[in-house]
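Participant: Dropping the structure in here first, questions after.
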Amino acid sequence: MSEATYHISSAVVATLPARTGDVLAEIAKMENVEIHAHANGKIIIVIEGTSTGVMGQCLTAISLLEGVIAANMVFEHVETESADR
(Lines give C-alpha, C1' and ligand atoms only; values in the text may rest on other atoms or scores of the structure.)
Protein backbone atom coordinates (compact mmCIF):
# COMPACT_ATOMS: atom_id res chain seq x y z
CA MET A 1 0.00 0.00 0.00
CA SER A 2 1.55 3.30 -1.08
CA GLU A 3 0.71 6.72 0.23
CA ALA A 4 0.60 10.02 -1.63
CA THR A 5 1.45 13.19 0.25
CA TYR A 6 0.19 16.68 -0.48
CA HIS A 7 1.83 19.73 1.03
CA ILE A 8 0.00 23.01 1.43
CA SER A 9 1.77 26.09 2.74
CA SER A 10 1.08 29.76 3.14
CA ALA A 11 3.67 32.47 2.75
CA VAL A 12 4.01 36.22 2.92
CA VAL A 13 5.95 37.98 0.19
CA ALA A 14 7.24 41.48 0.96
CA THR A 15 7.87 43.65 -2.09
CA LEU A 16 9.06 47.09 -2.98
CA PRO A 17 5.71 48.91 -3.25
CA ALA A 18 6.55 50.26 -6.70
CA ARG A 19 7.15 46.69 -7.95
CA THR A 20 4.19 44.92 -6.31
CA GLY A 21 2.21 44.80 -9.56
CA ASP A 22 5.12 43.22 -11.43
CA VAL A 23 5.62 40.63 -8.69
CA LEU A 24 1.90 39.82 -8.64
CA ALA A 25 1.99 39.25 -12.41
CA GLU A 26 4.97 36.87 -12.13
CA ILE A 27 3.47 34.92 -9.23
CA ALA A 28 0.18 34.59 -11.14
CA LYS A 29 2.06 32.71 -13.89
CA MET A 30 3.39 30.09 -11.46
CA GLU A 31 1.81 26.66 -11.23
CA ASN A 32 0.36 25.54 -7.88
CA VAL A 33 0.54 29.04 -6.39
CA GLU A 34 -2.53 31.11 -5.51
CA ILE A 35 -2.58 34.76 -4.52
CA HIS A 36 -5.07 35.33 -1.72
CA ALA A 37 -4.52 38.98 -0.84
CA HIS A 38 -2.17 41.90 -1.26
CA ALA A 39 -1.82 45.35 0.28
CA ASN A 40 0.93 47.81 1.13
CA GLY A 41 3.66 45.84 -0.62
CA LYS A 42 2.76 42.52 1.02
CA ILE A 43 1.31 39.50 -0.80
CA ILE A 44 -0.25 36.45 0.85
CA ILE A 45 0.04 33.25 -1.17
CA VAL A 46 -0.74 29.56 -0.85
CA ILE A 47 1.55 26.98 -2.44
CA GLU A 48 0.61 23.34 -3.09
CA GLY A 49 2.98 20.51 -3.97
CA THR A 50 4.09 16.96 -3.38
CA SER A 51 7.03 17.61 -1.04
CA THR A 52 8.70 20.13 1.21
CA GLY A 53 11.41 20.41 -1.45
CA VAL A 54 8.87 21.51 -4.05
CA MET A 55 7.63 24.15 -1.60
CA GLY A 56 11.15 25.38 -0.99
CA GLN A 57 11.95 25.57 -4.70
CA CYS A 58 8.84 27.61 -5.36
CA LEU A 59 9.51 29.98 -2.47
CA THR A 60 13.12 30.39 -3.61
CA ALA A 61 11.97 31.25 -7.14
CA ILE A 62 9.60 33.87 -5.72
CA SER A 63 12.29 35.34 -3.48
CA LEU A 64 14.54 35.82 -6.53
CA LEU A 65 11.95 37.86 -8.45
CA GLU A 66 12.89 41.48 -9.13
CA GLY A 67 11.24 43.67 -6.49
CA VAL A 68 10.89 41.00 -3.79
CA ILE A 69 12.43 41.92 -0.45
CA ALA A 70 11.57 38.65 1.34
CA ALA A 71 9.41 35.55 0.88
CA ASN A 72 8.73 33.68 4.11
CA MET A 73 6.75 30.52 4.71
CA VAL A 74 4.24 30.99 7.51
CA PHE A 75 2.59 27.59 7.74
CA GLU A 76 2.88 24.14 6.17
CA HIS A 77 0.40 21.27 6.38
CA VAL A 78 0.85 17.73 5.03
CA GLU A 79 -2.01 15.45 4.01
CA THR A 80 -1.38 11.77 3.41
CA GLU A 81 -3.68 9.68 1.27
CA SER A 82 -3.48 5.91 0.95
CA ALA A 83 -3.59 4.50 -2.58
CA ASP A 84 -6.43 2.15 -1.58
CA ARG A 85 -8.84 5.03 -0.85
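The values are calculated or read from the model by the stated rules, or taken from the named source; none is laboratory data. What you are looking at is a predicted structure, and each value in this text was computed from that prediction instead of being measured. Every residue, glycine as well, gets a Cβ built from its backbone with ideal geometry; the counts of neighbours run over all protein chains shown. These area figures cover heavy atoms from the full protein model, side chains too; ligands, DNA and RNA do not enter into them. Shrake-Rupley method; radii C 1.70, N 1.55, O 1.52, S 1.80 Å.
Participant: Specify the residue with the greatest mean-square fluctuation among Ala25, Ala70, Ala11, computed from a Gaussian network of the chain linking alpha-carbon atoms under 10 Å apart.
Facilitator: In the Gaussian network model the winner is Ala25.
Participant: Shifting gears a bit: Kindly state, to the nearest 0.05, the FRET efficiency for Val78 paired with Ala18, given R0 = 35 Å and r defined as their beta-carbon distance.
Facilitator: In this case the efficiency is close to 0.40.
Participant: Top mean-square fluctuation among Val33, Val12, Val54, Gaussian network model of the chain, C-alpha springs under 10 Å?
Facilitator: Answer for the Gaussian network model of the chain: Val54.
Participant: Percent of accessible area on the range 1-46 owned by carbon and sulfur, 1.4 Å probe? Could the numbers behind the result be given before it?
Facilitator: Values: 1560 of 2820 Å².
The nonpolar share, carbon plus sulfur, comes to 55 percent.
Participant: Among Ala25, Ala14, His36, pick out the residue whose Cα is farthest towards the positive end of the charge dipole of the range 1-51, where Lys and Arg carry +1 and Asp and Glu carry -1 on C-beta, about the Cα centre.
Facilitator: Ala14
Participant: Moving to a separate point now. What distance in nm separates the simple spin-label points at His36 and Glu66, each placed 7 Å from Cα in the Cβ direction?
Facilitator: So the label points at His36 and Glu66 sit 3.0 nm apart.
Participant: Here is a further query. Residue by residue through the range 6-14, which ³J(HN,Hα) values in whole Hz follow from phi under the Karplus form 6.51 cos²θ - 1.76 cosθ + 1.60 (θ = phi - 60°), with glycine and proline marked x?
Facilitator: Using θ = phi - 60°, the values come out as 10, 10, 10, 9, 10, 8, 10, 10, 9 Hz.
Participant: Report the local net charge at Arg19: Lys and Arg +1, Asp and Glu -1, summed over other residues whose C-beta lies under 11 Å from its C-beta.
Facilitator: Net local charge, Arg19 excluded: -3.
Participant: Under a GNM of the chain (C-alpha, springs under 10 Å), which listed residue has the highest mean-square fluctuation: Asn32, Asn72, Asn40?
Facilitator: Of Asn32, Asn72, Asn40, the most mobile in the Gaussian network model is Asn40.
Participant: Further, regarding this structure: Placing +1 at every Lys and Arg Cβ and -1 at every Asp and Glu Cβ, with all other atoms neutral, what dipole size does the chain have around its Cα centre, in debye to the nearest 20?
Facilitator: 380
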